[in-house]
Amino acid sequence: LVDFLVWVYPPYAAPIVEKLESRFVVYDCVDEWSSFKGLLKRETVARQEERLLKRADVVFVTSSALEESKRALARRMRLVPNAAEFGHFNRATDRALEKPEDVRDLPRPIIGFVGGVQYWLDLELLEQVARDRPDWSLVLVGPIGRLAKVDGLRRLPNCHLLGLRSYESLPAYLKAFDVCLNPFKVDDTSRCVSPLKLFEYMAAGKRVVSTDMPEARAYDGLVSVARDRGGFVDLIERELADVRNEERTQRIIAEARKHT
């Protein structure tokens, strides 16, 4: 008989976990799965997660909101926020690193995003940014999800949806960006998210503007958080004016070193 451990992410795997006679079960809870679209019904996912929380020997969560919502059913819990591969993304600070050809000659400033272009991003907000500042280049690097409505962005001449790019190439794209965006919709999903991209951007020494998410607020002074849509463009302009502030750049990078 093999002695083994089960490490599980999606809660809808609960029926499989229950059939496996494992010595130890870890539930790595990285999102509020019941708030997602395109999966099972919200009530079904919630019931399966409840079974998994009760079965797991330890539950890891990536945000304080998840810790609060799952604690009542978990036997043991540890808060382990997300992080980034610091050494990899810090390559964006290397003067010798060449910027990718597909963004090298775009009009500056370049306002960029790296990650999955999914329905949980505020795509209407991004359209507003591109319309309000037609002299800016808005660049989105990442695969486009099935439910993401990007037709409006595609129609704008200063918006560039580049699609999937290799992990190896991401520091070069970040080097090309003047300001980086974390544009989640403000809802139940984003309330529980620990955004990987925050740590990737900061490791690259970049200025970051985010929508109002609890995990972004934790980096006050290093990440600019817009309290509403109206202030988002204003914060981008403020960060553009600060990009040559080397002392702040080093504080941003120093914080990123703690999340690797």
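The values are calculated or read from the model by the stated rules, or taken from the named source; none is laboratory data. Since the structure is predicted, the reported quantities are computational estimates derived from the model, not experimental observations. No Cβ is skipped: glycine too gets one built from the backbone with ideal geometry, and neighbour counts run over all protein chains shown. Accessible surface is based on the protein model in full, side chains and every heavy atom, while ligands, DNA and RNA are left aside. Shrake-Rupley method; radii C 1.70, N 1.55, O 1.52, S 1.80 Å.
Brief remarks on what is shown
Here is a yes/no grid of residues against (1) closer than 15 Å to T189 by Cα; (2) open to solvent by 70 Å² or more (accessible area, probe 1.4 Å):
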site: L5; (1), (2): no, yes
site: V25; (1), (2): no, no
site: D28; (1), (2): no, no
site: D31; (1), (2): yes, no
site: F36; (1), (2): yes, no
site: R42; (1), (2): yes, yes
site: A56; (1), (2): no, no
site: S63; (1), (2): yes, no
site: R76; (1), (2): no, yes
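- Enumeration of residues in segment 137-155 that are within 16 Å of Q118 (Cα to Cα) and not in a loop (DSSP other than H, G, I, E, B): V139, L140, V141, I144, D151, G152, L153, R154
- Of the residues L140, L106, the single one that is open to solvent by less than 80 Å² (accessible area, probe 1.4 Å) and within 22 Å of the chain's Cα centre (by Cα) is L140.
- Residue in segment 7-16 that is surrounded by the most Cβ atoms within 10 Å (Cβ to Cβ), counting only those that are over 21 Å from the mean Cα position of the chain (by Cα) and at pLDDT 90 or above: A14
- Within segment 214-260, the set of residues being basic (K, R) and free of Cβ contacts under 8 Å to residues at least 60 places away in the same chain comprises R217, R227, R238, R244, R248, R251, K258.
- Boolean, Y27 is farther than 30 Å from Y173 by Cβ and within 23 Å of the chain's Cα centre (by Cα): yes
- Just one of the listed residues (S194, S224) is open to solvent by less than 10 Å² (accessible area, probe 1.4 Å), of a type in the set (S, T, Y) and over 26 Å from K37 (Cβ atoms), and it is S224.
- Enumerated strands (runs of 3 or more DSSP E) restricted to segment 1-115, each holding at least 2 residues that are touching a strand residue (DSSP E or B) at 6+ places or on another chain (Cβ under 8 Å) and in contact (Cβ under 8 Å) with a residue 24 or more places away in the chain: 24-29, 58-61, 110-114
- Picking from residues in segment 91-149 that are aromatic (F, W, Y) and under 16 Å from K185 (Cα atoms), the one that is modelled with the highest pLDDT is F113.
- Only listed residue being open to solvent by less than 20 Å² (accessible area, probe 1.4 Å), among the aliphatic types (A, V, I, L, M) and within 21 Å of the chain's Cα centre (by Cα), chosen from L147, L162, L153: L153
- Test for K19: is it modelled with pLDDT of 90 or more, charged (D, E, K, R) and farther than 23 Å from E215 by Cα: yes
- Among the residues of segment 85-103, some residue qualifies, meaning at least one is under 25 Å from T260 (Cα atoms), aromatic (F, W, Y) and in contact with a Leu (Cβ under 8 Å, 6 or more places away or on another chain).
- Within segment 171-189, tally of residues that are open to solvent by 20 Å² or more (accessible area, probe 1.4 Å) and either basic (K, R) or touching a strand residue (DSSP E or B) at 6+ places or on another chain (Cβ under 7 Å) (or both): 3
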